[in-house]
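Novice: Handing you this structure, nothing more for now.
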Amino acid sequence: SPYVRSLYCSGVMEGLEPLLDPNNTNEMGLVNALQVLSVIGTEQTSRVLLNTADSEDEERDSARLWASIGIGKSFTVGVLPLRRIKSDANLLSNCIDREPSWYVIAEQFSALAAMQQTPNLDARQREELGSLSLKLQTDGVASLIDSVRKTGTIDERVLALSVVLPSIRIQLIDPDLDRDARDKSQTALVLPLSDLVAMAVEQAEAVKDNEM
């Protein structure tokens, strides 16, 4: 029950705090601690996971990676209230904009997709979360490509798209997806993906010119 989880969480958090400390050098212990928090899936643990997934608060790549994975897991545990899931998802989408590591970005998108697997929802709530999940992923792709474009060169962050775009494609062909959400996502992806192709062509031509 939520009450039992809350009591358990309070006791567990006390024991995990040394492992979550930025000065902790026990990486395996840190990863295990984040996995435990994701399984508990309460509002308290989700707050810790979100803070750890943010590159502004956490410098360790491994911590951000497993915290991002944990956020997706916490969505599927079925304990978080709907309002908290939506709030956490919006905050996580903001982390994508400033995340430097492509593999962490890929897991952050995966966590947003995991919202669609949240249990114990009625039809209206499931449709609402599904639409929000797709919108945040679509906006995240557009924002990521725009950020890369502004640097003037294609950096390693675009590697995340090799994981993210096939996932979104699968979501778009889901027959249970709201039609309006599908249409909006497809329309919104056209321009940023066109920009990505244009950047790739420009960079390839620049490399070719330098070799001549």
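The values are calculated or read from the model by the stated rules, or taken from the named source; none is laboratory data. Fair warning: this is a prediction, and the values are worked out from it, not measured in the lab. We place every Cβ from the backbone using ideal geometry, glycine too, and count neighbours over all the protein chains shown. Each accessible area value is taken on the protein alone, full model and side chains, heavy atoms only, with ligands, DNA and RNA left out. Shrake-Rupley method; radii C 1.70, N 1.55, O 1.52, S 1.80 Å.
Novice: What number of residues in the range 62-83 are surrounded by fewer than 24 Cβ atoms within 10 Å (Cβ to Cβ) and under 9 Å from SER38 (Cα atoms)?
Specialist: Matching residues across the range 62-83 total 4.
Novice: Continuing with the same structure: Conditions first: (1) touching a residue at least 24 places away in the same chain (Cβ under 8 Å); (2) open to solvent by 50 Å² or more (accessible area, probe 1.4 Å). ARG182 passes all but one, so which condition is the exception?
Specialist: Only one criterion in (1) touching a residue at least 24 places away in the same chain (Cβ under 8 Å); (2) open to solvent by 50 Å² or more (accessible area, probe 1.4 Å) is unmet by ARG182, namely (2).
Novice: Can you run down the residue pairs with Cβ atoms below 9 Å, 6 or more apart or on separate chains, where the first is in the range 1-22 and closer than 15 Å to VAL39 by Cβ and part of a helix (DSSP H, G or I) and the partner is open to solvent by 100 Å² or more (accessible area, probe 1.4 Å) and at pLDDT 75 or above?
Specialist: none
Novice: Moving on. Only one of GLU128, GLU156 is within 24 Å of SER62 (Cβ to Cβ) and open to solvent by 40 Å² or more (accessible area, probe 1.4 Å); which? Give the steps one after another, and end with the answer.
Specialist: Numbers: GLU128 fails: within 24 Å of SER62 (Cβ to Cβ).
Of the residues listed, the single one that is within 24 Å of SER62 (Cβ to Cβ) and open to solvent by 40 Å² or more (accessible area, probe 1.4 Å) is GLU156.
Novice: Then there's this: Please state which one of ILE96, ILE85 is touching a residue at least 40 places away in the same chain (Cβ under 8 Å), within 20 Å of PRO166 (Cβ to Cβ) and either in a helix (DSSP H, G or I) or not small (Gly, Ala, Ser) (or both). Can you show your working first?
Specialist: On the way: ILE85 fails: within 20 Å of PRO166 (Cβ to Cβ).
Going through ILE96, ILE85 in turn, just one is touching a residue at least 40 places away in the same chain (Cβ under 8 Å), within 20 Å of PRO166 (Cβ to Cβ) and either in a helix (DSSP H, G or I) or not small (Gly, Ala, Ser) (or both): ILE96.
Novice: May I pose another question? Looking at VAL163, VAL148, can you tell me which residue is under 17 Å from CYS95 (Cβ atoms), modelled with pLDDT under 95, in contact with a helix residue (DSSP H, G or I) (Cβ under 8 Å, 6 or more places away or on another chain) and among the hydrophobic types (A, V, I, L, M, F, W, C)?
Specialist: Working: VAL163 fails: modelled with pLDDT under 95.
So the residue among VAL163, VAL148 that is under 17 Å from CYS95 (Cβ atoms), modelled with pLDDT under 95, in contact with a helix residue (DSSP H, G or I) (Cβ under 8 Å, 6 or more places away or on another chain) and among the hydrophobic types (A, V, I, L, M, F, W, C) is VAL148.
Novice: In addition: Looking at (1) in contact with a helix residue (DSSP H, G or I) (Cβ under 9 Å, 6 or more places away or on another chain); (2) farther than 19 Å from LEU49 by Cα, can you tell me which one ASP122 breaks?
Specialist: (1) is the only condition that ASP122 fails.
Novice: Restricting attention to the range 98-113, and to residues there that are hydrophobic (A, V, I, L, M, F, W, C) and closer than 11 Å to VAL158 by Cα, which single residue is surrounded by the fewest Cβ atoms within 10 Å (Cβ to Cβ)? It would help to see each step written out before you state the result.
Specialist: Initially, the range 98-113 is screened for residues hydrophobic (A, V, I, L, M, F, W, C), giving 102, 104-106, 109, 111-113.
Restricting the remaining residues to those that are closer than 11 Å to VAL158 by Cα gives 102, 105-106.
Details: TRP102: 18, ILE105: 27, ALA106: 22.
This residue is TRP102.
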